[in-house]
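Q: Here you go, one structure.
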Amino acid sequence: MARTATAVIKLTAIKKNYLYAKSLAAPAKAIATVKANAYGHGAIEVAKALTDVADAFGVACIEEAKELRDADIQAPILLLEGFFTADELTYISENNLWCVIHSQWQLEALQQARLTQPINVWLKMDSGMHRLGFLPDEYAKAWHQLTEMSQVNNIVHMSHFSSADDINSSFTAQQTVLFIETINNLPGDISIANSPAVLTKALTKTLTEKLTQELTSREQWVRPGIILYGACPIDDEVLAQPLIPAMTFTAKVISQRVINKNDSVGYNALWTAEKTTKIGTVSIGYADGYPRHAPNGTPVYINGKQSRVLGRVSMDMMMVDLSMFTQEDCIGFEVELWGDNILASKIAKCCETISYTLFCGLTRRVSRRYIT
Ligand SMILES: *Cc1c(COP(=O)(O)O)cnc(C)c1O
């Protein structure tokens with residue numbers, strides 16, 4: 001038996017989640033965000049599975065776009081941070097990549113570029129996140145500059161929410177109003193919604209009638225990421241319910257023993273038995289991407305039953321409670337770390353992180369298996 005640390009990925013779930021996101025945002029089109037190797041799920045496999053439904057794909061850089069083009073993915077690909085150096089522009093124009101422009105230096109580089117085909121630009125506004133983009137009072141000038149460039153074809157207005165995952169925050173509405181007011185006299189499609197904004201229908205919820213009209217008179221692009229993979233970025237069962245977890249991350253029990261009352265387990269003896277306890281060792285650790293800071297009691301799912309992590313997670317192994325299997329030989333039992341029975345967002349909450357980091361943190365030692 002080879003060591004098993006496996007992420008089984010249901011591609012049909014990703015397709016269903018994409019279509020669900022689109023249905024929530026209808027009639028908007030949707031960028032399927034597949035940056036960071038599709039949040040650890042495998043960018044090529046995910047893009048292929050979405051090929052006949054996705055309007056476009058979103059990636060962080062040209063290397064990620066090239067990976068998709070080399071795998072014969074034909075749909076438009078949006079570079080979410082645009083180009084990092086001007087020499088990328090040739091490939092961008094020749095391969096139908098769409099390009100975010102967020103800074104003055106990019107505008108100038110674009111103006112100086114000699115391109116065979118004009119490119120589609122997504123002009124980014126900093127509506128309050130203060131990460132990327134032109135401030136509202138610089139925005140119209142940048143837009144006018146772009147409209148005059150022969151290197152530029154279509155221009156989409158774009159911004160990004162900082163707090164859409166916090167349903168009690170008024171900041172999302174504030175950003176939306178600023179965004180819509182700033183582009184008021186500038187024609188073009190718009191794009192601002194990420195996963196939490198799609199789930200909560202943040203754009204249509206809080207606007208005045210006039211701004212809603214302004215908004216709906218334009219074509220919209222939403223940019224779902226994490227929800228494609230079936231994880232909910234908001235701690236809310238109703239919002240999470242329609243999403244289908246795409247990844248099931250599993251390993252196996254490789255050793256079992258019974259320890260005495262007051263015996264402790266693992267590095268730094270972080271867990272101590274209060275009574276005689278059967279425990280098991282699982283072939284998974286932080287070098288696979290299971291979080292080292294998962295505390296005692298973090299849930300795992302073993303052979304159909306809820307169990308828990310005991311002691312410190314080590315590099316290649318961790319220990320779990322097997323007291324629900326006193327009679328059985330547990331060697332070879334499958335242990336679900338997250339998946340259908342234990343949501344990744346639940347593990348993330350236990351570990352004071354987000355499902356995004358769990359998915360992106362899976363290392364190459366984990367074998368990905370795909371189900372279509
Ligand atoms: C990653 C990213 C998204 C997707 O975010 P989710 O929260 O995963 O939906 C959308 N827009 C931009 C600009 C991003 O960088």
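The values are calculated or read from the model by the stated rules, or taken from the named source; none is laboratory data. Note that the coordinates shown come from a computational prediction; the quantities given were computed from them, not determined experimentally. Every residue, glycine as well, gets a Cβ built from its backbone with ideal geometry; the counts of neighbours run over all protein chains shown. In case anyone asks, the SASA skips ligands and DNA or RNA and just uses the protein heavy atoms, side chains included. Shrake-Rupley method; radii C 1.70, N 1.55, O 1.52, S 1.80 Å.
Q: Restricting segment 164-173 to residues that are out of contact with any Asp or Glu (no Cβ under 8 Å at 6 or more places or on another chain), assigned to a loop (DSSP other than H, G, I, E, B) and open to solvent by 30 Å² or more (accessible area, probe 1.4 Å), which is nearest to the ligand (Cβ to nearest atom)?
A: Top of the filtered list is ASP165.
Q: Turning to a different aspect of this structure: Please count how many residues of segment 82-119 are over 15 Å from ILE62 (Cα atoms), modelled with pLDDT of 95 or more and not in a helix (DSSP H, G or I).
A: Qualifying residue count, segment 82-119: 7.
Q: Taking the conditions exactly as written (open to solvent by 10 Å² or more (accessible area, probe 1.4 Å), under 10 Å from LEU228 (Cβ atoms) and either within 13 Å of the ligand (Cβ to nearest atom) or over 18 Å from the mean Cα position of the chain (by Cα) (or both)), does TYR18 satisfy them or not?
A: Considered against the rule, which asks whether it is open to solvent by 10 Å² or more (accessible area, probe 1.4 Å), under 10 Å from LEU228 (Cβ atoms) and either within 13 Å of the ligand (Cβ to nearest atom) or over 18 Å from the mean Cα position of the chain (by Cα) (or both), TYR18 comes out as no.
Q: Just one of (1) of a type outside the set (Gly, Ala, Ser); (2) open to solvent by 30 Å² or more (accessible area, probe 1.4 Å); (3) in a strand (DSSP E or B); (4) within 16 Å of the ligand (Cβ to nearest atom) trips up ASN154, so point out which.
A: That leaves (4) as the condition not met.
Q: Please count how many residues of segment 26-60 are out of contact with any Phe, Trp or Tyr (no Cβ under 9 Å at 6 or more places or on another chain), surrounded by fewer than 19 Cβ atoms within 10 Å (Cβ to Cβ) and among the β-branched types (Val, Ile, Thr).
A: Number of matching residues: 2.
Q: Of the residues LEU80, LEU89, which single one is crowded, with 20+ Cβ neighbours inside 10 Å, within 15 Å of the ligand (Cβ to nearest atom) and under 29 Å from HIS130 (Cα atoms)?
A: LEU80
Q: Same structure, new question: Got at least one residue in segment 184-202 being more than 16 Å from the ligand (Cβ to nearest atom), charged (D, E, K, R) and open to solvent by 20 Å² or more (accessible area, probe 1.4 Å)?
A: No: segment 184-202 contains no residue that is more than 16 Å from the ligand (Cβ to nearest atom), charged (D, E, K, R) and open to solvent by 20 Å² or more (accessible area, probe 1.4 Å).
Q: Okay, next question. Restricting to segment 174-199, name every residue that is in a helix (DSSP H, G or I) and among the β-branched types (Val, Ile, Thr). Reasoning before the result, please.
A: So the first thing to find is which residues in segment 174-199 are in a helix (DSSP H, G or I), and the list is 174-182, 195-199.
Passing the criteria: THR176, VAL177, ILE180, THR182, VAL198.
Q: In segment 3-55, what residues are in a strand (DSSP E or B) and under 29 Å from MET318 (Cβ atoms)?
A: Correct list: ALA5, THR6, ALA7, VAL8, ILE9, LYS10.
Q: Additional query: Restricting to segment 262-278, give me the number of residues that are touching a Pro at 6+ places or on another chain (Cβ under 9 Å) and surrounded by 19 or more Cβ atoms within 10 Å (Cβ to Cβ).
A: So the answer is 0.
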